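The values are calculated or read from the model by the stated rules, or taken from the named source; none is laboratory data. Every value quoted in this text rests on a predicted model; they were computed, and no experiment measured them. So basically every Cβ, Gly included, is an ideal-geometry build from the backbone, and we count neighbours across all protein chains shown. All accessible areas refer to the heavy atoms of the entire protein, side chains included, with ligands and DNA or RNA removed. Shrake-Rupley method; radii C 1.70, N 1.55, O 1.52, S 1.80 Å.
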Amino acid sequence: MPLNIPTERDRVAAEVLDELTSWNPRERMNEFRSWVACSLSLIHLHVLSLLEADGPLSMTHLAEALDVSVASATGIVDRLEQRGFVERRRGLEDRRVILVQRTAAGEAVFSDLAAHRKGKLTGLLAEFSDDELAATLVFMRAMRRARAILVAEPVASR
């Protein structure tokens, strides 16, 4: 039986993975605080993510996606609606169905977070040397290519 001895490539890949996933508790807490400052809890961000990915959802589908009761989903949507991030509307095909959809403010949440993150990363990249910056660009483009390949592969082949 062959031994799985890590190669130099395995060691370097593990170090890259550690670097990519390192996020100390203080950094994570600062990001959570910025979300809370926008009156958004993690469940609110989850709802907005679902609506961004899937478009308007019925209360039933939203509750199923959140793994909560319809009553709980209603309370979550109430709070998001009060803050102007979502709105309810009746379904066109079945007027009994209530659909939840993002408003312009709800659509802006992730672009605002991305702009905030981009600003922080700009400051971080300012600390890189020219060589480090160029190497990072090569790396990030390689990551994008690899993601595109993995997304294009059928799930069954993995």
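So which residues in segment 57-72 are small (Gly, Ala, Ser) and either in contact with a strand residue (DSSP E or B) (Cβ under 6 Å, 6 or more places away or on another chain) or under 15 Å from Arg102 (Cβ atoms) (or both), if there are any at all? Give the derivation first.
Residues of segment 57-72 small (Gly, Ala, Ser): 58, 63, 65, 69, 71-72.
Matches in segment 57-72: Ser58, Ala65.
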Residue match in segment 36-53 (condition: open to solvent by 80 Å² or more (accessible area, probe 1.4 Å) and outside any helix (DSSP H, G or I)) = no
For segment 50-83, name all the residues that are under 21 Å from the mean Cα position of the chain (by Cα) and touching a residue at least 24 places away in the same chain (Cβ under 8 Å).
-> Leu51, Glu52, Gly55, Pro56, Leu57, Leu62, Ile76, Val77, Arg79, Leu80, Arg83
Close pairs (7 angstrom Cβ cut-off, 6 or more residues apart or separate chains): within 17 Å of Pro56 (Cβ to Cβ) in segment 104-120, open to solvent by less than 50 Å² (accessible area, probe 1.4 Å) and outside any helix (DSSP H, G or I) anywhere | Ala105/Gly84; Ala105/Phe85; Gly106/Phe85; Gly106/Val86; Val109/Leu40; Val109/Phe85
Report the residue count in segment 96-126 for those that are of a type outside the set (Val, Ile, Thr) and closer than 18 Å to Trp23 by Cα.
-> 11
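Listed residues Arg117, Arg145; which is modelled with pLDDT of 90 or more and within 20 Å of the chain's Cα centre (by Cα)?
Numbers: Arg117 fails: modelled with pLDDT of 90 or more.
When all the criteria are applied, what remains is Arg145.
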Residues (within 20 Å of Glu27 (Cβ to Cβ), of a type in the set (A, V, I, L, M), open to solvent by 50 Å² or more (accessible area, probe 1.4 Å) and in a helix (DSSP H, G or I)) located in segment 91-142 = Ala115, Leu121, Leu124, Leu125, Met140
